[in-house]
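Everything on this sheet refers to the single structure shown next.
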């Protein structure tokens, strides 16, 4: 596993933080964790209590995600004989997550567009522009996407996309416990990205490599959270100004997942993962 893999996982964590179902409710989570931010109270500058609560919160979900990464690799070792099949099917699932993240399923002509894309691939093959293996790999992705779409998986993902948080306040060290619950309870928001990284982790050779991938993802998600906790007043202003870019974040994140899924299915991801800066 090279540095490129860790960078991909870290970037996926940052995209999860900036996604429109996470970023807008971070202030609510910080309020809930610390209890110092009410509707009329917005502390200025650095706030140690919120900063400490956010660190403990991040440590909580990072621990769970890292253990998930290690266990994903352990399970993957039992399925090593089916690695190629798992990679191809998993790549299709990752592409499905990417299309969901980018909002492609909300397009009224989605089915027509994906069928048109399939016809275009076949035409490229007939003109010898793509190999038979690549054609079958890409059409396999299309079939998996259509299968999940037909069973309404995308509707369930959209139905669970938002999470409401009530302001309150808990003991400062309780933030760590809340972070562990977050790792499971916030999965509807970050599930597509997290699931893709877990799938990639299952392809690693050792549990340590899988754990490192999920730890990198956790840092990408957690470091901005800690910074936001320490500079809450500035962060609130950032959320208001960044709102207009949510569509771009979704599109970029979705495209990144789609590319990751295609690379995983075609086997090019393993070659990319061995590169180093």
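Points to keep in mind about this one:
- Evaluation of residue 195 against the conditions (1) crowded, with 20+ Cβ neighbours inside 10 Å; (2) closer than 19 Å to residue 259 by Cβ; (3) modelled with pLDDT under 85 shows that the sole unmet condition is (1).
- Filtering 120, 97 for residues that are part of a helix (DSSP H, G or I) and either modelled with pLDDT of 85 or more or touching a strand residue (DSSP E or B) at 6+ places or on another chain (Cβ under 6 Å) (or both) leaves a single hit, 120.
The values are calculated or read from the model by the stated rules, or taken from the named source; none is laboratory data. Owing to the predicted nature of the structure, the values given are computational and were not obtained by experimental measurement. A quick note on method: Cβ atoms are made from the backbone with ideal geometry, for glycine too, and the neighbour counts reach across all protein chains shown.
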